[in-house]
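A quick write-up on the structure given underneath.
The values are calculated or read from the model by the stated rules, or taken from the named source; none is laboratory data. All of these numbers come straight from a predicted model, not from anything done at the bench. Cβ coordinates were reconstructed from backbone atoms using ideal geometry, including for glycine residues, and neighbour counts include every protein chain displayed.
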Amino acid sequence: MVVREIVDLYDRYQSARAVAKQLNAVGRRTKRVTAKNGNVSGGKKWAKDAVLRVLKNGVYAGFMPYGDELHEAEHEAIIDREKFKRIGAALDRKQKSGRRYGNNPEYLLRGILRCGNCDSAMTPASTRKKGKVYRYYRCVQRDKRGAKECDVRQIPASAIEDFVVDRIRNESIGGALSKQIVKSLETSVENKRQELKIERGELPKQIAKLSDEGRRLVDKVASMNGTAAKLMENRINEVGEQLGQAESRLRQVEWSLMELDRAEAEGKWLAESVEKFDTVWETMTPMNRVRLVSILVKSVTMNEKEDTVTAVLTDLFADEDQHEGNDPPERFPANTAVETTV
Ligand SMILES: [Zn+2]
C-alpha cells in the first residue's frame, strides 16, 4: 500500500521531495488510471506535489473531506489518524513559514532561538531605514500580545548569530568534535548496516519458501472438499499473510539501508565542516550554514534583561558524553550588539 509507505516516509523525512525521491528509487509509480474514453493517466514517477496530495487527503485516514473540515467517514481508516493529524499540522506549519525560509536562509537561528523572559520562540524580523536593512529577532509573545505579556526588546540578529557561530568555532578547535562525530557515525552506521544486510539476505529465502508452500497448498486444495478444504484454505490465508509481511519487511529494510547511506553522507559532511570550520564557514552557502547550525545547535535562549545567552549544543553522542548541560551560561554583552547591513 503506497499510501502507507508515503505516510511513514514523510514521518521520517519531513520532506515531500525526499519522499518522492525515495519512492522513485525503489521503482514506485503513481496509480495508473484509465478514463472511460480510454485516456490513460498516472503510472508516472512521483513528484513532490503528488506526495503532498496524498498527505493532505483525509480520506486515507478514514475522514471524508467536507468543505474545509474533515468528517468521520464510514469506511475504515487505512492510515493511522494520529499520524495523519500530526503530518497535517507539520504541513501547515511549513506552509506558513516555509516560503520565507526557502527564499531567505539569512536568519541562522530561525526555529532555534527562544525568549528567556517568557519562553516563547523568537522569530526573524527586519526593518528598513534609509535603504539599509536591519535584521532582528523578536519575541513571538510580545509580537502577538503586546508588551504587557512580555516586555523584552527586539535584538539585533548579527550579534547573537556571531555569538553562536563563535561557540561552534570554539567547540571545533583541536578536531576532537569532528573525530567524535566520525567515530560515533562509524559505529552506529556500521552496526546497523550489518544487521540490515543480514536481514536482507535472509528475507528472500523466507519469501521463496512461503510462496512455494502457498503454491503447493493451492494445487492440493483443488482436489479436496469439505472440512479438509476449509482447513487448507485457512492455512493458505495464513501463508499469504506471512508472505505479505515478509515482503513489506524487505521493503522496509531496503528503505532503512538507503536512509543509512543518507545519514552517513550527512554525517561525513558535518564532520568535514566541523573539522575545517574556520575556513569552511566563510565560504559556505547560507543554506548550508542553516543546515549546519540546525544539526549542531539544539537551542539558544536569549535573556534580554540579564544580557545573557545560553546556547545548548545538540548531544550527538548521548550514550558516551554527559558533559553537556553543566556548562554555565555564557555571558553575552548585548550592549555590543551592532546594527548590520545586509
Ligand atoms: Zn518573550
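Observations on the structure shown:
- If you filter the stretch 20-56 down to residues that are surrounded by 18 or more Cβ atoms within 10 Å (Cβ to Cβ) and small (G, A, S), you find that the one that is farthest from the chain's Cα centre (by Cα) is A50.
- Test: residue in the stretch 29-43 that is of a type in the set (D, E, K, R), assigned to a loop (DSSP other than H, G, I, E, B), touching a helix residue (DSSP H, G or I) at 6+ places or on another chain (Cβ under 9 Å) and modelled with pLDDT of 85 or more: yes
- Criterion violated by D151 - all others in (1) surrounded by fewer than 18 Cβ atoms within 10 Å (Cβ to Cβ); (2) within 27 Å of the chain's Cα centre (by Cα); (3) modelled with pLDDT of 90 or more satisfied: (2)
- Matching residues in the stretch 129-140 - criterion: being within 15 Å of the ligand (Cβ to nearest atom) and closer than 11 Å to I155 by Cβ: Y136, Y137, R138, C139
- Candidates are the residues of the stretch 111-128 that are of a type in the set (A, V, I, L, M) and within 21 Å of the chain's Cα centre (by Cα); the one that is nearest to the ligand (Cβ to nearest atom) is A121.
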